[in-house]
1. Let me spell it out: the conditions are (1) touching a Pro at 6+ places or on another chain (Cβ under 9 Å); (2) assigned to a helix (DSSP H, G or I), and Gly156 meets all of them except one. Which number is the exception?
2. Within region 58-70, identify whether any single residue is part of a loop (DSSP other than H, G, I, E, B), among the β-branched types (Val, Ile, Thr) and either more than 27 Å from the chain's Cα centre (by Cα) or modelled with pLDDT under 95 (or both), and answer yes or no.
3. Go through the residues of region 131-147 one by one and say whether even a single one is within 29 Å of Val429 (Cβ to Cβ), of a type in the set (D, E, K, R), at pLDDT 95 or above and part of a helix (DSSP H, G or I).
4. Name the single residue, out of those in region 384-428 being part of a loop (DSSP other than H, G, I, E, B) and of a type in the set (Asp, Glu), that is farthest from Met187 (Cα to Cα).
5. Look at Val78 and say whether it is in contact (Cβ under 8 Å) with a residue 24 or more places away in the chain, crowded, with 24+ Cβ neighbours inside 10 Å and not basic (Lys, Arg).
6. Which number in (1) in a helix (DSSP H, G or I); (2) touching a strand residue (DSSP E or B) at 6+ places or on another chain (Cβ under 8 Å) marks the one condition that Leu100 misses?
7. For region 462-473, check the following and say yes or no: at least one residue is within 25 Å of Pro176 (Cβ to Cβ), assigned to a helix (DSSP H, G or I) and under 20 Å from the mean Cα position of the chain (by Cα).
8. Specify the residue that is farthest from Gln96 (Cα to Cα); the eligible residues are those in region 453-473 that are in contact with a helix residue (DSSP H, G or I) (Cβ under 6 Å, 6 or more places away or on another chain) and not hydrophobic (A, V, I, L, M, F, W, C).
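The values are calculated or read from the model by the stated rules, or taken from the named source; none is laboratory data. Worth saying up front: this structure is predicted, and the values here are computed from it rather than measured. Don't worry about glycine lacking a Cβ; one is built from the backbone with ideal geometry, like all the others, and counts go over all protein chains shown.
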Amino acid sequence: MKKLISIFALIATLGIGFSANTFAEDATPAVVTTEAAPAVDAAPVAAPETAAPVVEAAPAPVPDKGDTAWLIMATVLVTLMVIPGLALFYGGLVRQKNMLSVLMQTFMIFSLMGVLWAIYGYSVAFTGGNPFFGGLGKAFLAGITPDSVGATFSKGVVIPELVFVAFQLTFAAITPALIIGAFAERMKFSAILAFMVLWFTFAYLPMAHMVWYWDGPDAITDAASLETVLANAGWLWAKGALDFAGGTVVHINAGVAGLVGAIMVGKRIGYGKESMAPHSLTLTMVGAALLWVGWFGFNAGSNLEANGYAALALVNTMIATGAATLSWAFAEWLFKGKPSMLGAASGAVAGLVAITPACGFVGPMGAIVIGLLVSPICYFFVAKVKYAFGYDDALDVFGVHAIGGIFGAFATGVFVNPALGGMGVYDYVANAVGEYNFAAQMTAQAYAVGTAIIVSATVSFIAFKIVDVLIGLRVTEESEREGLDTTEHGERAYHM
């Protein structure tokens, strides 16, 4: 427990240092925004103030086939990120005797979360209720038909609600799957599934609601209607926190849970004494490449529309990841004498993580800076901090996802500034980009980062304790030495 508190204290110190200037100016919340900027041609229709000839009401907006097709494709791409992308990335990093266990855990978590998402997850995350979680009005997807529509980020533009359900399902499925890398090779399969149900319910869903839920742009026509939207929105969205595709909801959330798990489950037998080298960096490279390709759906798909902002998110994702790959490889080259394939793959993932909250808000040059800076920071946590504190985060979930997500969240607040090439903070009352306020925006980002850390750490600790009492977290020493492939699943990845 002291180890856990010490690590969070270090993170808090870095975060405070990064955003110290946020309290030097007026720290009121930023102008309320969405996760993405709307199409430039979106504009409200003013109601007549005096008597006028009766005019037929404008027809209700209908989904554009291009937007719909893009969201379907993005959903497929995010699925590719998980199975097989994440599964192969993690699978190649563990020892041969545990390869299938990681594949099975990823495959089953994706399946389980998808079912829970349809039963109650979507309703709790994306319906009104209170600032912290939604209700059960759409449990079992009640009332959602092929004709149901949902808002985007442009006024008068909608998408089929079912495609939004499917797209967000993939986010809800990959996030818990990221956690398993922290305690790979030593936790019971049954305990993992039980933990994931609890964590999904009490950590992922509230974070998704707080960051992403609001009534949509058409609900905002004037200052009074904005106040109504703020009252109905998720707590962090109402504070003006910017998270385009999941820096807080996905990466900080999962990374912190991974750290808690790594400490509570304990180190692998022989950690620090026996070789635990990855059994197949070839598969890890294949997995990293699939993650990179699938991430275009993750980030560009989060725009919800096939327009210029989706293109911006795609370009930013591409070049930030390339920059991060280069900076990790060169950092390794400088400090270890040789650049490694594992380092390049780790850098790519760090870049993908860091650009996730920023991809639709920053300009391409800002994306390159984010990519160049995130890898040395993550490398420091992976190569130095982990060993200094002695926790066994097997596949560096905390060092890459949590730290990369924290950096990305704060960098979003900086590089959204139009003076630095960013897209600015959109004001739906004025239907224009509002004035950028550094102090307000960074304060909102700090709220989002802090909330993600506290919620995930608290829920994870309690959930691991519950599962430990009911099931037990760890396999026996004999099972761990033999390998989880055979002891947990009765199979082997290879027969040689």
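1. Result: Gly156 passes all but (2).
2. To start, the set of residues in region 58-70 that are part of a loop (DSSP other than H, G, I, E, B) comprises 58-64.
Those left that are additionally among the β-branched types (Val, Ile, Thr): 62.
With the extra rule that they be either more than 27 Å from the chain's Cα centre (by Cα) or modelled with pLDDT under 95 (or both), the set shrinks to 62.
Looking through region 58-70, at least one residue is part of a loop (DSSP other than H, G, I, E, B), among the β-branched types (Val, Ile, Thr) and either more than 27 Å from the chain's Cα centre (by Cα) or modelled with pLDDT under 95 (or both).
3. The initial filter retains those residues of region 131-147 that are within 29 Å of Val429 (Cβ to Cβ), namely 131-135, 137-138.
Remaining after also requiring of a type in the set (D, E, K, R): 138.
With at pLDDT 95 or above added as a condition, the list becomes 138.
From the residues that got through so far, the ones that are part of a helix (DSSP H, G or I) too are none.
Looking through region 131-147, none of the residues is within 29 Å of Val429 (Cβ to Cβ), of a type in the set (D, E, K, R), at pLDDT 95 or above and part of a helix (DSSP H, G or I).
4. Per the stated criteria, the residue is Asp396.
5. Spelling it out, Val78 is indeed in contact (Cβ under 8 Å) with a residue 24 or more places away in the chain, crowded, with 24+ Cβ neighbours inside 10 Å and not basic (Lys, Arg).
6. (2)
7. Taking region 462-473 as the starting set, the residues that turn out to be within 25 Å of Pro176 (Cβ to Cβ) are 462-473.
This time we only want the ones that are assigned to a helix (DSSP H, G or I), so: 462-470.
Adding the requirement that they be under 20 Å from the mean Cα position of the chain (by Cα) leaves none.
Within region 462-473, none of the residues are within 25 Å of Pro176 (Cβ to Cβ), assigned to a helix (DSSP H, G or I) and under 20 Å from the mean Cα position of the chain (by Cα).
8. Applying the first criterion (in contact with a helix residue (DSSP H, G or I) (Cβ under 6 Å, 6 or more places away or on another chain)) to region 453-473 yields 453, 455-457, 459-461, 463-464, 467, 471, 473.
Those still in the list that are not hydrophobic (A, V, I, L, M, F, W, C) too: 456, 460.
Values: Ser456: 31, Ser460: 28 Å.
So, considering only residues that are in contact with a helix residue (DSSP H, G or I) (Cβ under 6 Å, 6 or more places away or on another chain) and not hydrophobic (A, V, I, L, M, F, W, C), the one farthest from Gln96 (Cα to Cα) is Ser456.
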